[in-house]
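These notes concern the structure reproduced below.
The values are calculated or read from the model by the stated rules, or taken from the named source; none is laboratory data. Remember, it's a predicted structure, so these values are computed and weren't measured experimentally. Methodologically, a virtual Cβ is constructed for each residue, glycine included, from the backbone with ideal geometry; neighbour enumeration extends over all protein chains shown.
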Amino acid sequence: MPQTGDQAVPEPAAARPPRIDSSVAHNARVWNYWLGGKDNFDADRRVGDHVRGMFPVIGDVARADRRFLARAIGFLAGPAGVRQFLDIGTGLPTADNTHDLAQAVAPDSRIVYVDNDPMVLVHARALLTSRPEGVTRYVEADIHRPETILSAAAETLDLDQPVAVMMLGILNFVLDTDEAYGIVRRLMDAVPSGSYLAVTHPTLELGGESNVPAMAFWNEHAAPPIRARTGAEIAGFFTGLDLVEPGLVSCARWRPGPNEADAVTVPQYGAVARKP
Ligand SMILES: C[S@@+](CC[C@H](N)C(=O)[O-])C[C@H]1O[C@@H](n2cnc3c(N)ncnc32)[C@H](O)[C@@H]1O
């Protein structure tokens, strides 16, 4: 049975000493730096600046990705009526986290956050601020282990009811495409009809060619290693699901709000799809 209650504590792993290595740039912290956050170290800022020098739109990508999250959750918690969210590759807490966005629409929303970065674990308390009607929980787990994620999620979410599986900027860390497809399939097989999958993913299309040397630099100097995919490869994550309008597009172009009509196209695909 899923847990009830307004909050849950981090996994027992929280009791272990954090394994933070401040000497090597890590994705969660560099992403936080590009978003203008303060939860990063010198090594993160140096690599972040170098990547930005090679791939100047990276800050636009990060901001567009977070705005996509807000619009996708607005749709999912709003007209789609979803009340359960499994957010894998959460990132460091920011102003508008998944539970802030979902519970602003539906206070009884239940959210399970998953990440494997020790710095995210250290800051996870900022994610455990559920409205009393709902619940948030943080799970330290690796996306390569979908069974672990599902069994931990089942303690908080009712997997017989629709779940929105949020995978924003995370599948790019599963380097083998067949393995990435298998992970998504396993997760979506575990949730019922009426569930949703939301994905954002970097690409060398949509003007992203200069990300080639930037990703090569990243893979030499930072962790974890990353890759881009084509639109066709990213579309493969949605096999067997029904893409909602407008389909797979630059995440900046996915249902832009009234003040975002002029948003620049960024080389990061985004889409939301429903399990029939
Ligand atoms: C680019 S950030 C995206 C954060 C957030 N989803 C967003 O869209 O703003 C990617 C996140 O995935 C996490 N991550 C990377 N590899 C992971 C893995 N193997 N398992 C779980 N999380 C991972 C990183 O720690 C980081 O927090």
MET188 vs (1) part of a helix (DSSP H, G or I); (2) more than 16 Å from the ligand (Cβ to nearest atom); (3) farther than 16 Å from VAL61 by Cβ; (4) more than 18 Å from the chain's Cα centre (by Cα): all pass except (4)
Does ASP87 satisfy the condition of being of a type in the set (D, E, K, R), within 19 Å of the chain's Cα centre (by Cα) and part of a helix (DSSP H, G or I)?
no
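Identify, from the list GLU205, GLU220, the residue that is within 24 Å of VAL30 (Cα to Cα), in contact with a Pro (Cβ under 9 Å, 6 or more places away or on another chain), more than 13 Å from the ligand (Cβ to nearest atom) and among the charged types (D, E, K, R).
GLU205 is the lone residue from the list that is within 24 Å of VAL30 (Cα to Cα), in contact with a Pro (Cβ under 9 Å, 6 or more places away or on another chain), more than 13 Å from the ligand (Cβ to nearest atom) and among the charged types (D, E, K, R).
Surrounded by fewer than 23 Cβ atoms within 10 Å (Cβ to Cβ), at pLDDT below 95 and within 14 Å of the ligand (Cβ to nearest atom): is that true of VAL174 in this structure?
no
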Of all residues in the range 82-106, which are over 16 Å from VAL165 (Cβ atoms) and either among the β-branched types (Val, Ile, Thr) or touching a Pro at 6+ places or on another chain (Cβ under 8 Å) (or both)?
THR94, VAL105
Boolean, GLY91 is within 12 Å of the ligand (Cβ to nearest atom) and on the phi > 0 side of the Ramachandran plot:
yes
Odd one out for GLN161 among (1) in a loop (DSSP other than H, G, I, E, B); (2) out of contact with any strand residue (DSSP E or B) (no Cβ under 9 Å at 6 or more places or on another chain); (3) more than 10 Å from the ligand (Cβ to nearest atom)
(2)
Would you mind finding the one in ILE143, ILE111 that is closer than 19 Å to LEU69 by Cβ, touching a Lys or Arg at 6+ places or on another chain (Cβ under 9 Å) and within 16 Å of the ligand (Cβ to nearest atom)?
ILE111
Based on what the data block shows, is PHE237 part of a helix (DSSP H, G or I), hydrophobic (A, V, I, L, M, F, W, C) and closer than 22 Å to PRO146 by Cα?
yes
Looking only at the range 32-53, count how many residues are closer than 20 Å to GLY89 by Cα and charged (D, E, K, R).
3
How many of the residues in the range 240-271 are farther than 12 Å from ALA64 by Cα and in contact with a Phe, Trp or Tyr (Cβ under 6 Å, 6 or more places away or on another chain)?
1
Sort through ALA124, ALA152 and tell me the only one that's more than 25 Å from ALA271 (Cα to Cα) and at pLDDT below 95.
ALA124
Flag for ARG137 being part of a loop (DSSP other than H, G, I, E, B) and in contact with a Ser or Thr (Cβ under 9 Å, 6 or more places away or on another chain):
no
